[in-house]
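The values are calculated or read from the model by the stated rules, or taken from the named source; none is laboratory data. Worth saying up front: this structure is predicted, and the values here are computed from it rather than measured. We place every Cβ from the backbone using ideal geometry, glycine too, and count neighbours over all the protein chains shown.
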Amino acid sequence: MSTITVRSIHELPELREAVRLQKVIWGFDDIDLLPVRLFVVAGHIGGQRLAAFDGDKMVGFLLSIPGLKRDNGVYLHSHMMGVVSEYRNAGVGRALKLAQRTDALEQGVTLVEWTFDPLQIKNAFFNIERLGAVISRYVLNQYGITSSALQAGLPTDRCIAEWFLDSERAQSMIEGVAVVRPPVVEKIAVPSDIVQIMKNQPERARDVQASISNQFLRHFGNGLVVTGFERGDAESSYLLSAKKDEK
């Protein structure tokens, strides 16, 4: 990480490189790529275009666009973040998210949201336990069936992460400080080898996904919120608490 820098990108060659990396990271077909023009527009309307570099080589990027909530004002929707495979588990994703947080707070924005696949448990742990995001919403097949091999032909069911940037929870988790945990009232378990199941047993993977989706929708309908994530050898679990404790 000593050689990694994170900064905003503005020039067309850099924006085109972020588009190219989408094929490298996710294996998207052209139809599923976020185009250069979206990166251009995001920069003009208050969004964020951040990239991580190892020297002159772009090894990751993040794109967000502004959103508007009728009750809570402006927020940022973090639409896509990716890191090339050889730089994963090296803190690049964390560096991009922390740069996003700093930039957002400087703009007076205190909420960032994004979607993620609940079957990607490494992402879940990172979002919840390292950044301090909470989850209280779930969308079925948000993007339709995509060309990404990482999705293994499954519907794109998604959790919506809410990152309250100036909350005590987020600040403490970013700094690695222990926080008081709200009581856990429900758990949603995911097989820890779900990635291999997706690759080798697609029918079983779909059954697991459907079961997890039903549990999320039921628990969120009952007013619960995900406030923790517990990793295990056989299975890992989303930890749900009463919604009043969501921040």
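Just a few scattered comments:
- Subset tally (residues that are modelled with pLDDT of 95 or more and either acidic (Asp, Glu) or within 20 Å of GLY93 (Cα to Cα) (or both)) for region 55-71: 9
- Some residue of region 137-158 being surrounded by 14 or more Cβ atoms within 10 Å (Cβ to Cβ), more than 30 Å from ASP29 (Cα to Cα) and at pLDDT 90 or above: no
- When each of ILE145, ILE128 is tested for being in contact with a strand residue (DSSP E or B) (Cβ under 6 Å, 6 or more places away or on another chain) and either within 25 Å of LYS199 (Cβ to Cβ) or part of a helix (DSSP H, G or I) (or both), the lone residue that passes is ILE128.
- Those residues of region 81-108 which are more than 14 Å from PHE164 (Cα to Cα), among the small types (Gly, Ala, Ser) and in contact (Cβ under 8 Å) with a residue 40 or more places away in the chain, in sequence order: GLY82, SER85, ALA90, GLY91, ALA95, ALA99
- Residues being in contact with a helix residue (DSSP H, G or I) (Cβ under 8 Å, 6 or more places away or on another chain) and closer than 15 Å to VAL6 by Cα - total across region 35-63: 12
One line per residue, one yes/no per condition, for (1) surrounded by fewer than 17 Cβ atoms within 10 Å (Cβ to Cβ); (2) among the aliphatic types (A, V, I, L, M); (3) not in a helix (DSSP H, G or I):
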{"residue": "LYS23", "(1), (2), (3)": "yes, no, no"}
{"residue": "ARG37", "(1), (2), (3)": "yes, no, no"}
{"residue": "VAL40", "(1), (2), (3)": "yes, yes, no"}
{"residue": "LEU50", "(1), (2), (3)": "no, yes, yes"}
{"residue": "GLY60", "(1), (2), (3)": "no, no, yes"}
{"residue": "HIS79", "(1), (2), (3)": "no, no, yes"}
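- Residue match in region 190-205 (condition: among the polar types (S, T, N, Q), assigned to a helix (DSSP H, G or I) and either in contact with a helix residue (DSSP H, G or I) (Cβ under 8 Å, 6 or more places away or on another chain) or closer than 22 Å to SER78 by Cβ (or both)): no
- Leading residue by the ranking (nearest to LYS97 (Cα to Cα)) among those in region 1-19 that are more than 20 Å from the chain's Cα centre (by Cα) and free of Cβ contacts under 8 Å to residues at least 24 places away in the same chain: SER2
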